[in-house]
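Working notes, beginning with the structure itself.
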Amino acid sequence: MKPEERARVKIDKQLNNAGWEIVSRNEYVPNSTLVVKEAIMRGNIESDYLLFIEDKAIAVVEAKKEDNPLGENVKKQAEDYAVNPQPWYGLWFDNLIPLVYMANGNKIYYKNMLVPDSEYEELTEMHSPKKMLQLIGKKSEFGALPLLEKQGLRECQYKAEINLEKSLKSGNKKNLAILATGSGKTYLACLASYRMLNYTATKRVLFLVDRNNLARQTESEFNLFDRTEKQQSLSELYKINRLRKESDIKGDIVISTIQKLFAVLTGQALSDDNEDTEDENAKRAEEKELEEVVQLGSDLKLPSDYFQLIVVDECHRSIYGKWKAVLDYFSGAKVLGLTATPTPEAYSYFNNNVIEKYTYDDSVVDGVNVPSRVYRITTEVTEHGGTIEAGTEIIEAPKGKSETTTYAVTNTIEYAPTQLDRSVINRNQMKTVLTAYKNAIYTELYPEREVKWEYIPKTLIFAKDDNHATEIVNVAKKVFGSEFENGEVPENYVKKITYSSGDSNALIRDFRIEKDFRIAVTVTLVATGTDVRPLEVVLFMKDVQSDVLYTQMKGRGCRVIKEDKLKEVTPNAHTKECYYIVDAVGVTEHEKCIPKPGKTPDGTRKILSLENLLEHLAHNEVSDENMMLLRDYCATINRRYEDVDCQHFFRQIFLGYFSDI
């Protein structure tokens with residue numbers, strides 16, 4: 001490599017480090033912040049580097065080899081470029097490129113041509129776009145946004161941020177990113193918020209969450225985010241407030257549910273309800289889809305331009321239906337929507353402007369998530385309903401009341417499957433389901449694991465309501481208690497995580513990290529967004545009509561976890577190759593894209609081993625289920641490679657095929 005070329009490599013890196021993207025003059029993209037190499041100047045000569053913001057030349061860089069002292073002749077050459085721009089170049093000042101730099105790879109000098117009789121100053125690093133705009137006293141809506149480094153970001157995060165900024169520059173206020181569960185939506189929101197706050201005129205960001213427990217989780221992620229210029233945490237640079245009292249609205253970054261924002265906007269007192277209770281009530285109302293559209297009124301407490309960027313995270317139907325007026329009020333704000341499960345309402349609200357789409361299948365291929373398997377439990381009662389015979393003693397517990405009444409029914413009562421566990425709670429039915437699940441754990445689901453009942457796979461059970469959850473906990477204690485010497489499960493083995501359980505955050509944390517907490521029963525508090533990586537089984541004892549909610553609920557089990565971290569909480573586990581959806585109510589019956597266990601001649605369900613699967617494929621049994629199962633095995637093997645080169649080879653050779661299935 002010649003001395004000039006070595007110097008150019010160093011100078012390129014200095015420019016990149018300062019946030020400049022370098023292109024050839026044939027690759028110039030309008031309305032971008034770019035450095036053009038060998039740009040044509042007046043007289044048909046070439047400038048080594050010509051820097052543009054908003055299609056206007058802001059600086060020239062004259063590059064020399066490392067041993068060049070950057071003397072008077074270099075100064076003259078650089079300044080000649082500055083005062084003789086091509087007539088078709090956009091300029092910040094008439095007939096002048098205001099900033100001049102000289103560099104040889106080891107030293108950098110700069111001069112501001114706007115300052116009379118100024119001298120060259122030596123720099124330790126190249127100026128950023130933001131700094132150059134400050135030096136010339138100009139502002140640009142997006143011109144100070146520096147080059148986004150790809151390192152440390154997932155491909156989908158990088159593409160989403162790049163496309164978001166391109167979309168904003170094109171004048172699109174509403175932007176939708178469809179990203180699979182576990183792919184880093186909140187981290188993307190932190191990145192976008194920081195770049196908008198630091199490099200644009202954005203003064204305040206609103207982050208709208210679906211539930212209060214997600215607000216707490218989001219607040220933590222924003223506080224810890226440190227992908228900033230000097231690796232400072234976001235909380236050191238900006239005031240981050242989770243909206244709990246009226247004064248919290250004054251933060252630089254405000255994290256809130258739409259309900260709390262509405263209360264502050266309209267001057268209402270924030271609810272004194274327990275936040276978990278508030279979440280449960282909101283989720284039930286959303287499932288019923290009977291809510292009336294809110295009206296804002298005329299006496300509003302915030303100006304319409306109060307927020308310049310709004311990030312909407314997993315708010316789905318109600319945010320664009322019942323609460324749409326709240327979003328519409330802040331009409332000048334730029335909006336970034338984040339979801340794994342877009343609805344028609346979401347597509348409509350964002351004008352079908354999808355800046356990135358990264359599906360669950362994509363995430364499995366990339367090793368971001370693990371694949372799912374379905375294990376179906378059917379009983380006579382769940383399929384066809386049941387009968388309460390005359391004379392049977394029943395306990396009547398009115399909803400929302402603590403008192404109960406016990407009496408014998410006088411007539412035979414038939415009940416449908418849909419009434420089970422909602423109008424009618426049948427403990428024998430619960431026992432049947434949980435016993436079937438228990439018997440399958442070490443025989444059909446995880447037969448390779450050592451049988452240790454104190455370390456069954458972490459299991460999340462979805463119940464129909466709080467009373468149902470309580471009953472499931474009681475029955476589970478009896479079913480699994482039979483596997484312990486004293487006939488009782490350990491103290492923290494199975495717990496309920498609902499609005500009535502106390503500190504849900506602490507319970508979720510314990511479920512995530514404690515070895516003795518094996519089964520959690522919830523209604524909705526752990527249905528969306530909650531990250532429990534060691535979770536390996538999601539058991540549905542409630543049916544779900546909404547595809548969106550179902551996708552969110554089953555997605556709680558899909559997170560990848562390293563083998564050593566899994567063994568810390570589940571000592572008899574080897575690796576998390578997949579997670580199981582155990583279906584006791586038929587919630588998966590419409591699913592077509594999840595590999596289901598095949599049946600052996602004796603009727604039991606079984607997932608093919610990789611060896612057996614390859615044998616089936618060799619005999620041309622290339623069904624969609626078999627091909628997707630092969631994809632899942634390949635993704636698991638790929639995740640376990642430690643050597644980066646081997647991983648890249650494996651990804652290119654094997655996984656590329658499955659991305660098109």
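List of remarks:
- Inter-label distance, nm, simple model (7 Å from Cα along the C-beta direction), Thr124/Asp531: 3.4 nm
- Residues whose placed amide H lies under 5 Å from that of Met541, excluding near-sequence neighbours: Phe462
- Over segment 233-272, Cα pairs under 8 Å with separation of 6+ residues give a relative contact order of 32 percent.
- Toward the positive end of the charge dipole of segment 74-232, with +1 on the Cβ of Lys and Arg and -1 on the Cβ of Asp and Glu, the farthest Cα among Asn106, Asn95, Asn172 is that of Asn172.
- Protein-only accessible surface order, largest first, of Arg244, Arg518, Arg216 at 1.4 Å: Arg244, Arg216, Arg518
- Under 16 Å from the Lys138 label point (7 Å along Cα→beta-carbon), backbone N, segment 31-46: 31-36
- Within the accessible surface of segment 15-122, defined with a 1.4 Å probe on protein heavy atoms only, the carbon and sulfur portion equals 44 percent.
- With each label modelled as a point 7 angstrom along the Cα→C-beta vector, the Glu27-Ser235 pair spans 4.0 nm.
- The heavy atoms of Thr470 offer some 50 square angstrom of accessible surface to a 1.4 angstrom probe.
- FRET efficiency for Glu246 and Arg509, using Cβ-Cβ distance with R0 set to 22 Å, rounded to 0.05: 0.15
- Accessible surface of Glu625, taken over heavy atoms with a 1.4 Å probe and every protein chain present, rounds to 90 Å².
- Backbone amide hydrogens, once placed in the peptide plane, bring Lys174 within less than 5 Å of Val335, excluding anything fewer than 5 places away on its chain.
- Solvent exposure ordering (accessible area, 1.4 Å, most first) of Val489, Val83: Val83, Val489
- In a fully extended conformation the segment linking Glu450 and Lys478 would gain 7.9 nm over its present Cα-Cα distance, using 0.36 nm per residue.
- Legend: calculated FRET efficiency, Arg216 to Asn73, from the Cβ-Cβ distance at R0 = 51 Å, rounded to 0.05, equals 0.20.
- The candidates His468, His127, His574, arranged from most to least accessible area with a 1.4 Å probe in the full protein assembly, appear as His574, His127, His468.
- Accessible surface of segment 156-227 [probe 1.4 Å, protein heavy atoms]: carbon and sulfur percent: 46 percent
- Asp299 - accessible surface, heavy atoms, 1.4 Å probe, Å² rounded to 10: 100 Å²
- In this simple spin-label approximation, Lys301 and Val83 carry label points 7 Å from Cα along the Cα→Cβ vector, and these lie 6.1 nm apart.
The values are calculated or read from the model by the stated rules, or taken from the named source; none is laboratory data. Keep in mind that this is a model prediction, so the values were computed, not measured. Cβ atoms come from the backbone with ideal geometry, glycine included; neighbour counts cover every protein chain shown. Side chains included, ligands, DNA and RNA excluded: accessible areas come from the protein's heavy atoms. Shrake-Rupley method; radii C 1.70, N 1.55, O 1.52, S 1.80 Å.
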